[in-house]
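Heads up, the thing below is written out as structure tokens.
The values are calculated or read from the model by the stated rules, or taken from the named source; none is laboratory data. Quick caveat, the model's predicted, so the values are computed rather than measured. Glycine also receives a Cβ, built like all others from the backbone with ideal geometry; neighbour counts cover every protein chain displayed.
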Amino acid sequence: MTLRGRKKGETVPQGVVVRLPVYFRYLTELESAGAERISSAQLGEALDFTAAQIRSDLSYFGSFGQQGYGYNVADLLDQVKQILGIKRDYSIVLVGAGNLGKAIGSYEWFRDEGFHIKAIFDVDPHLIGNHHAGCVIRHLDDLAIYLAENPADIGIIATPKAAGQSVCDLLVEGGVGSIWNFSPTQLTVPNGVIVEDIHLTDSLLRLAFRVNEQTRAQEEC
């Protein structure tokens, strides 16, 4: 199995990017269960994708599998990890130590896969100085000094909407080039800064829409 670069200037479609973590999760489960190989047809059936779609997705990154054999599960998982960029460690700062921030900080999978939260910041005087997830919660005023001495790969924003943009500005000014945004606000960032928005309300509203559509369809029957 060979991992090759794409043609110069070729971008990966967003649909492929969305499916890559799905491949990662399922292949991880397969490896844990002791599976040694899987065909694109079997993978597609398990994930509700077509075999052609899976082969097309993987073709953006190289040559995978063998005709008549399929994919070696361990090898394919290793390659997907490389594609996703999780065969390295990431240094993270978390801003917002409320219920959501604490839940994020407590998620052990992050550490297991190399995403290390090195520092946590907040403005609540009742939280400053407390320990969480191996970190002392610091005041937001200390963020700039911390980043000057401890560069971070990723900044997580888990603050109320009103604070989202100002926290983002502090992170960007501190040299953080990637933002994982749980704040319910649309961030404005300079070119070159990557933002991944996680709007929990949007996800819940999409679910409500699907429930409503299903109910309406049943009533029309």
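Checking the conditions here, which among 54, 86 is closer than 30 Å to residue 146 by Cα and either in a loop (DSSP other than H, G, I, E, B) or in contact with a Gly (Cβ under 6 Å, 6 or more places away or on another chain) (or both)?
86
Considering only the range 91-122, how many residues are surrounded by 22 or more Cβ atoms within 10 Å (Cβ to Cβ), outside any strand (DSSP E or B) and of a type in the set (A, V, I, L, M)?
Looking only at that region, the number is 1.
Consider only pairs whose beta carbons are under 7 Å apart and that are at least six residues apart or on different chains; among these, list those whose first residue lies in the range 199-217 and is in the same structural domain as residue 157 (by TED's automatic domain parsing) and whose second residue is part of a helix (DSSP H, G or I) and of a type in the set (Lys, Arg).
As it stands, the answer is none, since no pair meets every condition given.
Please count how many residues of the range 138-163 are in contact (Cβ under 8 Å) with a residue 60 or more places away in the chain and among the hydroxyl-bearing types (Ser, Thr, Tyr).
1
Quick check on my filter: what residues within the range 57-74 are surrounded by 15 or more Cβ atoms within 10 Å (Cβ to Cβ) and in a helix (DSSP H, G or I)?
Residues satisfying the conditions are 57, 58, 73.
Contact list please: Cβ distance under 7 Å, first residue in the range 78-102 and under 11 Å from residue 116 (Cα atoms), second residue outside any loop (DSSP other than H, G, I, E, B) and basic (Lys, Arg), pairs at least six apart or on different chains.
91/118; 92/118; 93/118
Tell me which residues, restricted to the range 22-51, are over 28 Å from residue 10 (Cα atoms) and part of a loop (DSSP other than H, G, I, E, B).
33, 34, 35, 36
Name, by its number, the condition in (1) farther than 24 Å from residue 12 by Cβ; (2) at pLDDT below 95 that does not hold for residue 96.
Going through (1) farther than 24 Å from residue 12 by Cβ; (2) at pLDDT below 95 one by one, residue 96 breaks only (2).
I need the full set of residues from the range 25-53 which are of a type in the set (A, V, I, L, M) and without any contact (Cβ under 8 Å) to a residue 24 or more places away in the chain, in order please.
Matches in the range 25-53: 33, 41, 46, 51, 52.
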